[in-house]
1. In the stretch 75-100, which residue that is in contact with a helix residue (DSSP H, G or I) (Cβ under 7 Å, 6 or more places away or on another chain) and more than 24 Å from residue 41 (Cβ to Cβ) is surrounded by the most Cβ atoms within 10 Å (Cβ to Cβ)?
2. Need the failing condition index for residue 38 against (1) assigned to a loop (DSSP other than H, G, I, E, B); (2) more than 21 Å from residue 147 (Cα to Cα); (3) in contact (Cβ under 8 Å) with a residue 12 or more places away in the chain; (4) in contact with a strand residue (DSSP E or B) (Cβ under 8 Å, 6 or more places away or on another chain), just the number.
3. On the basis of being within 14 Å of residue 88 (Cα to Cα) and part of a helix (DSSP H, G or I), does residue 53 make the cut?
4. Can you tell me which residue in the stretch 101-126 is farthest from the chain's Cα centre (by Cα), limited to those that are crowded, with 17+ Cβ neighbours inside 10 Å and under 16 Å from residue 153 (Cβ atoms)?
5. Taking the stretch 56-74 on its own, how many of its residues are over 12 Å from the mean Cα position of the chain (by Cα), outside any strand (DSSP E or B) and either in contact (Cβ under 8 Å) with a residue 24 or more places away in the chain or surrounded by 13 or more Cβ atoms within 10 Å (Cβ to Cβ) (or both)?
6. For the stretch 19-34, name all the residues that are crowded, with 18+ Cβ neighbours inside 10 Å and either under 30 Å from residue 71 (Cβ atoms) or modelled with pLDDT under 95 (or both).
7. Tell me, which helices (runs of 4 or more DSSP H) wholly within the stretch 99-164 include 1 or more residues that are in contact (Cβ under 8 Å) with a residue 40 or more places away in the chain?
8. List the pairs whose first member sits in the stretch 44-55 and is touching a residue at least 40 places away in the same chain (Cβ under 8 Å) and on the phi < 0 side of the Ramachandran plot, whose second member is surrounded by 12 or more Cβ atoms within 10 Å (Cβ to Cβ) and in a helix (DSSP H, G or I), and whose Cβ atoms are under 7 Å apart, counting only residues at least 6 apart or on separate chains?
């Protein structure tokens, strides 16, 4: 089973240490936004094994628990991180995250269109139809949290919906 690890990784040395110990992919958020070169530094030693997490609110990348705006456009930021060696992008649409009100495909399509690496979409999934919509928007994978927790649908149902 592939293991991805994110949260609290602040230095390239920490990330490389995790990758050297067998983690398949590290996920960087605030650290990558504050120091984009960290992505290149890690990727030089472990190509394709950095996923950059971009959380967007009102069309702007936010950090520090979604409390600080950065002025960065999510699609432009994704392209920059791909150029620095990111192997994937985790894109969270904070405007709909955790609300179980459905997804917005437009922001996801913009990020997907800006890069050639896989984009994992997160935020707003309430139905199996939302998962299909994100797949159709180009997402390589989807994060589902609240909908599974609340029992809106079963994991097996979601897997069947996108494998058909």
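The values are calculated or read from the model by the stated rules, or taken from the named source; none is laboratory data. Computed from a predicted model, the values in this text were never measured in an experiment. Quick reminder, even Gly has a Cβ in these numbers, built from the backbone with ideal geometry, and neighbours come from all protein chains shown.
1. 93
2. (1)
3. For residue 53, the condition - within 14 Å of residue 88 (Cα to Cα) and part of a helix (DSSP H, G or I) - is not met.
4. Result: 126.
5. Number of matching residues: 7.
6. If the condition is that a residue be crowded, with 18+ Cβ neighbours inside 10 Å and either under 30 Å from residue 71 (Cβ atoms) or modelled with pLDDT under 95 (or both), then 25, 26, 27, 28, 29, 30, 31, 32, 33 are the ones that fit.
7. By residue number, 105-114, 146-150.
8. Every condition considered, the pairs that remain are 54/74; 54/77; 54/78.
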